[in-house]
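**Student:** This is the structure I have questions about; it appears just below.
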Amino acid sequence: MTKPRRRAGYWLQLALTLAVCLFMTVPVVLSVLAGLTNNIFVGLSSGLTTRWLLEVWALYRNTIFLSLGIALACLACTLVIGVPAAYYMALRRNRVTRLIEELLMLPVAVPGLATALGLILLYGGWQALRTSWVFILIGHVLFTLPFMVRAVLAILSAIDIRTLEDAAASLGATRLQRFFTVVLPNCRQGILAGALMVVTLSVGEFNLTWMLHTPTTQTLPVGLADSYASMRLEIGSAYTIVFFVMIIPLLVAMQAFSAMGARARRHVAEPAEPATAPVPATTPVTASAETRHA
């Protein structure tokens, strides 16, 4: 009686999973197809074309490279700031560090438009900064930094980094040596998880960027919104294809690197097989002693 029930439950879970996958992927597939058809209102029967992709590349090539550059720069900044911050908070878990952790989450809780308005009021008077892509980078770092800190902090809290630190210190390692030889290798998975979040969020961030950008610092999401707002639906759909072509290889590479690290750690953690001790043979001395006794 239990077996059919489990089988029905399995098929129900599979059907629910497939339904969720279809719910999430069908709109994306339709958007991609729209960017490859001659007429979006007629559909596939109007024929396939790459004309819209070529037009997107001609019109918005600079926005693609700018978005990718800002995302990589944002990743570098969050690594330099977020990993040491998470390390410090993991070592000193008290009210102050918990307050800092909550304050770091404010840019995520507050709407992006409000954060962008605050940045404009604070730094908007600096003309060189206001018209530079660095201004967008500042907003992206504020928005993505909590994700890097939380990911690394979760790993450091799970492995009891204080005990590892004390062990390394007892062997004479300095604070800098402990950070690079003990902390970073042990929190690599957290760093990779945070990097995935930072890159994807930075490339696709719209609210902050829409407020902070200028005509010369237009990023990919802003260009996508601009193409849809001008009712150029084929261009917007082709823009979506370019977005996928740009972001998916990055995600696949990071996932592969993360999987390689996990396999390496499992290989190191596997206990070595104990060597079989050789059976001692009867030595001539023992044999001669037995003969004398007889």
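**Student:** Could you state the angle between the C-alpha long axis of helix 133-158 and the longest principal axis of the C-alpha atoms of the chain, as a value from 0 to 90 degrees rounded to the nearest 10?
**Tutor:** For 133-158 against the chain, the angle is about 30 degrees.
**Student:** Can you find, among Val141, Gly82, Ile161, the residue sitting farthest towards the positive end of the charge dipole of the chain, where Lys and Arg contribute +1 and Asp and Glu -1 at Cβ?
**Tutor:** Ile161
**Student:** Can you compute 3J(HN,Hα) from phi for each residue in the range 177-189, using the Karplus curve 6.51 cos²θ - 1.76 cosθ + 1.60 with θ = phi - 60°, rounded to whole Hz and x for Gly and Pro?
**Tutor:** Whole-Hz 3J(HN,Hα) from phi for the range 177-189: 5, 5, 5, 7, 9, 10, 6, 4, x, 7, 10, 4, 5.
**Student:** Work out the length of the dipole vector of the chain about its Cα centre, built from +1 on the beta-carbon of each Lys and Arg and -1 on the beta-carbon of each Asp and Glu, and round it to the nearest 20 debye.
**Tutor:** Approximately 580 debye in magnitude.
**Student:** Sum -39500 (n - 2.57) across every DSSP H segment of at least 4 residues in the chain, then divide by the residue count to get the 222 nm mean residue ellipticity, nearest 500.
**Tutor:** My calculation for the chain gives -25500 deg cm²/dmol from helical runs alone.
**Student:** So for the pair Ala128, Asn38, with labels modelled 7 Å out along Cα→Cβ, what separation do we get in nm?
**Tutor:** Calculated label separation equals 5.4 nm.
**Student:** Above 28 angstrom, tally the Cα pairs of the chain and express them as a % of all pairs, no decimals.
**Tutor:** In whole percent, the long-distance tail amounts to 58.
**Student:** For a quick check, take a GNM of the chain with Cα springs below 10 Å and name the residue from Val149, Val26, Val252 with the largest mean-square fluctuation.
**Tutor:** Val26
**Student:** So what J values fall out for the range 7-13 if you push phi through Karplus, 6.51 cos²θ - 1.76 cosθ + 1.60 with θ = phi - 60°, rounded to Hz, Gly and Pro as x?
**Tutor:** 5, 5, x, 4, 5, 5, 5
**Student:** For Thr37, what residues show an amide H to amide H distance below 5 Å, using hydrogens built from the backbone and excluding near sequence neighbours?
**Tutor:** Thr49
**Student:** Let me check I've understood the local charge: for Ala109, count other residues with C-beta under 15 angstrom from its C-beta, Lys and Arg +1, Asp and Glu -1. What total comes out?
**Tutor:** Result for the neighbourhood of Ala109: -1.
**Student:** Going by alpha carbons, how many degrees (0 to 90, nearest 10) lie between the helix axis of 220-229 and the longest principal axis of the chain?
**Tutor:** 30
**Student:** Could you give the alpha-carbon Rg of the range 62-230 over 2.2 N^0.38 Å, rounded to two decimals?
**Tutor:** In units of the 2.2 N^0.38 Å rule of thumb, it is 1.18.
**Student:** Once both axes come from the Cα atoms, what is the angle between helix 161-170 and the longest principal axis of the chain, in degrees from 0 to 90, rounded to 10?
**Tutor:** That works out to roughly 50 degrees.
**Student:** Under a 5 Å amide H to amide H cut-off, with H placed in plane at 1.01 Å, what residues pair with Thr219 once short-range neighbours are removed?
**Tutor:** Placed amide hydrogens put nothing under 5 Å from Thr219.
The numbers here are math on the coordinates, done by the rules we state, and not lab data. No experiment lies behind these values; they were computed from the predicted model shown. Every residue, glycine among them, receives a Cβ derived from its backbone with ideal geometry; neighbour counts consider all protein chains shown.
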